[in-house]
Structure formats: structure tokens, C-alpha cells
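All of the numbers you see were taken from the coordinates with simple rules; none came from a lab. Values in this document were obtained by computation on a predicted structure and should not be read as measured data. Note that each Cβ is placed from the backbone with ideal geometry, even for glycine, and that neighbours are counted across all protein chains shown.
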There are 2 protein chains.
Amino acid sequence: MTVVRVEEKVLNENQRIALDLRRRFEEHNILCLNFISAPGSGKTTLLESTLAVFPPGEKIAVLTGDLQTENDARRLMRYSFPVQQIVTGGVCHLDGKMIDRALQPWPLENIDVLFIENVGNLVCPSSYDLGEEAKIVLLSVTEGEDKPLKYPSIFHKAALLILTKIDLLPYVPFDIEAAKANARQVNPDIEILEVSCSTGKGMDEWRAWLAERRAKRQGAVSAPRGGAEKRN
Amino acid sequence: MTVVRVEEKVLNENQRIALDLRRRFEEHNILCLNFISAPGSGKTTLLESTLAVFPPGEKIAVLTGDLQTENDARRLMRYSFPVQQIVTGGVCHLDGKMIDRALQPWPLENIDVLFIENVGNLVCPSSYDLGEEAKIVLLSVTEGEDKPLKYPSIFHKAALLILTKIDLLPYVPFDIEAAKANARQVNPDIEILEVSCSTGKGMDEWRAWLAERRAKRQGAVSAPRGGAEKRN
């Protein structure tokens with residue numbers, strides 16, 4: 001019983017910080033997306049392909065979490081947008097406090113889109129709100145189509161499921177329609193995209209999703225407040 | 001600080017149960033192996049291929065953990081050995097208490113080899129001793145060769161690394177020698193096998209590893225105790 005109580009207290013503390021982060025993201029008109037998946041599903045590769053086509057000067061920033069190593073930050077820094085590695089030192093998820101601390105050196109007015117790449121873990125990160133506008137869950141076709149049923153929490157909370165590595169479909173026993181049906185069983189409203197960063201298939205649809213969310217975020221904040229549009 | 005203290009207390013409680021499990025496994029001459037990997041690395045498929053070639057009547061038993069669903073147990077039950085699903089209901093790892101409870105209906109004298117398939121998670125299960133003789137970590141070639149550096153705890157604690165899905169090597173950018181070097185950097189004593197359950201490649205070596213461990217377990221217990229050999 002003690003454990004449960006303390007866990008609740010930690011989550012509540014996190015919730016308080018996440019609310020504050022969300023308020024600041026809204027105030028600065030930032031689209032914040034929290035990418036969650038198992039290790040090796042392709043979060044870093046998707047972010048590489050995403051950053052590669054943004055024109056220099058776009059206000060994009062990336063926070064990337066891992067238990068150890070700065071490998072992912074090194075990969076993502078090549079695209080000349082600000083990137084920061086959060087090394088959790090063994091902790092199995094990112095939490096609000098880590099995001100808050102990492103953002104301190106960055107003026108928020110210089111960010112339009114903040115990508116957060118969570119620790120590779122399909123379980124624990126789903127319990128920690130980071131103030132993001134949406135969670136995005138990645139599932140690679142080399143895993144298994146029943147993952148949404150086995151790890152329902154993240155599929156339930158995610159706005160978007162990206163099925164990755166679809167170029168490998170001919171070589172693996174993965175029933176993509178069953179995977180989609182399982183995801184929709186857990187979350188009827190989940191949006192679904194299929195991408196391959198190797199062949200580029202589906203990347204246009206992913207970029208369109210992102211552009212739409214970005215436009216909505218800017219519209220959502222500016223409209224009700226009577227035209228406080230963000231300068232680019 | 002409170003959180004850390006409670007976590008330590010939980011781990012110590014788990015340690016106490018794990019010691020008791022280990023004592024019982026030794027007393028009954030049981031080889032217990034704890035399989036850990038990310039979701040979708042192929043634990044269930046490896047166990048299916050492993051069970052498929054054991055002669056009926058062998059004293060094999062399987063415990064398989066998941067947050068939700070009994071899918072894995074259903075897959076593994078087809079081989080006519082006793083299988084039990086442990087549904088953790090959202091908990092990100094198996095712990096000693098779950099194993100102890102699951103074993104209650106099974107007379108330990110009917111078990112020679114106990115396979116435990118942990119929850120798909122490369123982080124949290126590594127902190128929970130289940131009384132096993134060895135942890136086995138699986139890494140599929142569709143993940144990334146830097147995983148041992150990013151998730152060092154489990155690679156440090158595992159006796160054996162099984163690189164799975166090697167039939168997919170021609171289609172993925174996975175440097176298998178770098179993966180091995182990274183694993184040995186974290187754990188110089190780790191043994192490494194390469195397998196494909198689709199083609200069967202490497203399965204003989206895996207079965208030989210298992211047979212050797214099994215023989216050692218029976219020898220280790222019977223020799224010092226003066227011939228208390230286990231009946232088959």
C-alpha cells in the first residue's frame with residue numbers, strides 16, 4: 001500500500017509540473033510532441049528524416065532521452081537545429097522535471113515545434129505527462145501485431161500511431177490490418193500512418209500530419225485570443 | 001528521497017523472495033532461465049522453437065509475463081508442457097512474488113527446466129531478481145547495434161546474449177560485430193549466440209548451450225551433495 005501511495009504522490013508532482021509546461025507551451029504557441037516506442041522501433045531515424053527536410057531557420061528543437069549515451073543527440077545534431085540529450089542514468093522514462101530543466105537554457109520564443117524522444121520503453125513513459133500536445137506511438141512491423149493489446153496504456157493515450165519499417169513487410173510475418181484493428185480496439189480515435197524512412201514511403205503523409213497540427217496549434221492559440229499570431 | 005527509500009525497500013523485499021526461490025530451485029535441481037528483451041525481439045518465438053523439439057515427458061515448464069492478454073500462453077501451450085500466463089495488469093516487470101504465486105500449483109519435483117519470459121521491456125525487469133540461474137537478453141537485428149550501451153544494466157547482468165532474427169540481416173543496417181563489441185564492452189564475460197527461428201540457423205548452438213547448462217545444474221547440485229542425482 002505504501003508503494004502505491006508514493007507512486008501516486010510522484011505522479012501528482014509530475015502532473016503539476018506537466019500542467020505548468022503545457023501552459024508555457026500554449027503561451028509560446030509551441031507544438032510539443034512526445035514520441036514513445038519500444039527500443040529500436042525507429043524514433044531517432046524518423047526524427048532524422050523529419051529534421052532533414054525542414055528549411056534552416058525553422059524554429060525546431062529536440063530533446064532526446066536515454067538511460068545512457070549521447071548517441072541519439074549526436075545523430076540529431078547534424079541537422080543544425082538545437083538538440084539536447086537527457087541522460088536519465090537508469091530511469092526508465094522522461095518526467096516533467098527533466099523536461100523543465102532541459103528547457104531552461106532555451107528561450108521558448110525561439111521554438112515553434114518541440115520534439116521529445118522518450119526513453120525506448122513501451123510501458124513506463126506512458127504514465128508521465130510531459131506537457132505535450134500529443135503522444136505519438138511508434139510500432140515497427142518487425143515487432144508483432146498484438147502489441148496494442150499487450151501494452152494498451154500507450155496506444156490508448158496516443159493521438160497517432162506510426163507503423164514504421166514498412167519496407168520490411170515482405171520479410172516478416174506481420175499482419176498490418178490486424179495491427180491497425182488492435183490499435184483501434186484500444187483507442188477508436190487513434191490516427192494511423194505507415195512509413196518507411198528507408199524508402200521514404202509515407203513520409204509525405206507524416207509531414208502533412210505535422211504541418212496540420214502545427215497550423216492548428218497556431219490557429220488555436222491565436223484565434224480565441226484575438227489575433228495574437230506568432231511571428232515567424 | 002522518500003521515493004528512493006521505498007524503492008530500496010521493495011527491492012529488498014524482492015531480494016528476500018528471490019533468495020528463497022533460488023534455494024528452492026537448487027533444492028529441486030531446477031534450471032531457471034529469465035528471458036528479457038524489448039517488446040517484439042522474439043522471446044515467445046524462441047521459446048516456441050525451443051519447446052517444439054523437446055520430447056514429450058520432459059519436465060519443462062514456462063511462466064510468461066505480459067501487462068495484458070494471455071496471447072503468449074496460448075501460443076506456448078500448444079507444445080503440451082505446463083504454461084502459465086502472469087498478467088501484471090500494467091506493472092512493467094515480473095517480480096519474485098509473482099513467480100512464487102504462479103509456482104504454487106506446480107509440484108517442483110516435476111520441473112527440470114523453468115523458462116520465465118519476462119514483460120517486454122529492456123529496462124525495468126533487469127532490476128528484479130526472480131531466483132533464476134541466469135538472465136538471457138535477446139536483441140533483434142532490427143533494433144540497433146548501440147542498444148547494449150544505451151541499456152547497459154541488462155547486458156551487464158545477462159549470462160547470454162541471443163541476437164535474434166538474423167535472417168533479416170540483408171535488409172537492415174545492423175552491424176552485428178559492433179553489436180557484439182558493445183555487449184562485451186558492458187560485460188566482457190557475456191556469451192553470444194546468433195539465431196533465426198525462421199530459418200533455424202543457430203538453433204543447434206542454442207540447444208547445445210541449454211543442454212550444457214542443464215547438465216551443469218544437475219552436476220552442480222548432485223556432486224557436492226554426494227550423489228543426490230535427480231531422477232528423470
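Return the Rg/Rh ratio of chain B with Cα-based radii and a Kirkwood Rh. Across chain B, the Cα-based Rg/Rh ratio is 0.96.
Averaged over the residues of peptide B:117-123, the number of Cβ atoms from other protein chains lying within 10 Å of each residue's Cβ is 6.
Using the Cβ-Cβ distance between B:V91 and B:H28 with R0 set to 25 Å, the FRET efficiency from 1/(1 + (r/R0)^6) comes to roughly 0.40. Cβ crowding within 10 Å ranks A:I154, A:I166 as A:I166, A:I154, fewest other Cβ atoms first.
Spin-label model, A:Q185/A:N71: points 7 Å from Cα along the beta carbon direction are separated by 3.4 nm. Between identical copies, the spacing of B:E205 label points, each set 7 Å from Cα toward the C-beta atom, reads 3.9 nm from nearest to farthest.
In whole percents, the pair-distance distribution calculated for segment A:77-166 from its alpha-carbon pairs, binned every 5 Å from zero, is 2, 11, 21, 22, 18, 15, 7, 3, 0. Summed over qualifying helices (DSSP H, 4 residues or more, each -39500 (n - 2.57)) and divided by its residue number, the protein assembly as shown shows a 222 nm mean residue ellipticity of -12000 deg cm²/dmol. From a point 7 Å beyond the Cα of A:D100 in the direction of its Cβ, which residues of segment A:15-49 have a backbone N at a distance under 15 Å? Inside the label zone: A:15-25.
The residue list B:S49, B:T64, A:N182 was ranked by how far each Cα lies along the charge dipole of the protein assembly as shown toward its positive end, using unit charges on Cβ atoms, and B:T64 comes out on top. Our coupling estimate for segment A:85-90, obtained by passing each phi through the Karplus curve with A = 6.51, B = -1.76, C = 1.60 and θ = phi - 60°, is 8, 9, 8, 7, x, x Hz, Gly and Pro reported as x.
Position A:G90: other-copy label points at 2.6 nm, ordered by increasing distance, label point 7 Å along Cα→C-beta. Straightening the chain between B:H156 and B:E109 buys 13.7 nm, computed as 0.36 nm per residue apart minus the Cα-Cα spacing. Three semi-axes describe the equivalent ellipsoid of the protein assembly as shown; taken as square roots of 5 times the Cα gyration tensor eigenvalues and ordered largest first, they are 42, 24, 19 Å.
Which longest uninterrupted range of chain A lacks any trypsin sites (Lys or Arg not before Pro) assigned by DSSP to a loop state (not H, G, I, E or B) and surrounded by at most 12 other Cβ atoms within 10 Å?
A:79-224
By definition, a body whose alpha carbon gyration tensor gives a ≥ b ≥ c is oblate when a/c is 1.5 or more and a/b is not larger than b/c, and segment A:62-121 fits this oblate description. For segment B:30-40, backbone phi angles converted through the Karplus equation (6.51, -1.76, 1.60; θ = phi - 60°) give residue-by-residue couplings of 9, 8, 10, 10, 10, 8, 10, 6, 5, x, x Hz, Gly and Pro being listed as x. Between copies, the label points at A:N110 (set 7 angstrom from Cα along Cα-to-Cβ) are spaced 6.7 nm, reported in nanometres from shortest to longest.
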